[in-house]
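Peer 1: Okay, here's the structure, questions in a sec.
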Amino acid sequence: MTTAAAARTDLWTLRGLVFCGACSAAMDADVRPGTLTRVYHCAAGCCPGGTVASVLELMVLTDARRHAPELIEGVPEQCHPLVFADLYRAIVVHAEHRGVDIMPRG
Ligand SMILES: [Zn+2]
């Protein structure tokens, strides 16, 4: 693992914004045991193994680029959490790959 990759693992751009679609609990940022795979998972266990963080983060980044390019283009990745917190009220993950709801503010 390179230093850059190690730094990236600390970058949870959706920390605090992700909620479980089944029980509405905030999802924890975690690393899948025995792996380097970052996941968001429900503490109540609605989604065993959790949702892969990089995939979820890319979905939200793509949404932000489409709807608010002036807020995200050229912004350093370490600032993305601030932009996402401004743009979104919640990212709701439905278990068993039944989809993700990206809930904008306002
Ligand atoms: Zn849950």
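Values quoted throughout were computed directly from the atomic coordinates according to the rules given, and no laboratory measurement underlies them. Since the model is a prediction, treat every value here as computed from it, not as a measurement. Counting neighbours? That spans all protein chains shown, and the Cβs are built from the backbone with ideal geometry, glycine included.
Peer 1: Of everything in segment 54-88 that's in contact (Cβ under 8 Å) with a residue 60 or more places away in the chain and of a type outside the set (A, V, I, L, M, F, W, C), which residue is nearest to the ligand (Cβ to nearest atom)?
Peer 2: Among residues in segment 54-88 that are in contact (Cβ under 8 Å) with a residue 60 or more places away in the chain and of a type outside the set (A, V, I, L, M, F, W, C), the one nearest to the ligand (Cβ to nearest atom) is Tyr88.
Peer 1: Test Cys23 against the criterion of being more than 13 Å from the chain's Cα centre (by Cα) and near the ligand (Cβ under 8 Å from one of its atoms), and give yes or no.
Peer 2: It is true that Cys23 is more than 13 Å from the chain's Cα centre (by Cα) and near the ligand (Cβ under 8 Å from one of its atoms).
Peer 1: Looking at the structure I just gave you, is Arg89 surrounded by 14 or more Cβ atoms within 10 Å (Cβ to Cβ), of a type outside the set (Asp, Glu) and touching a strand residue (DSSP E or B) at 6+ places or on another chain (Cβ under 8 Å)?
Peer 2: no
Peer 1: Going by the conditions given, is Gly45 over 16 Å from Leu14 (Cβ atoms), within 16 Å of the ligand (Cβ to nearest atom), free of Cβ contacts under 8 Å to residues at least 24 places away in the same chain and of a type outside the set (A, V, I, L, M, F, W, C)?
Peer 2: Yes.
Peer 1: Mind telling me which of the residues Glu57, Glu96 ends up being surrounded by 15 or more Cβ atoms within 10 Å (Cβ to Cβ) and acidic (Asp, Glu)?
Peer 2: It is Glu57.
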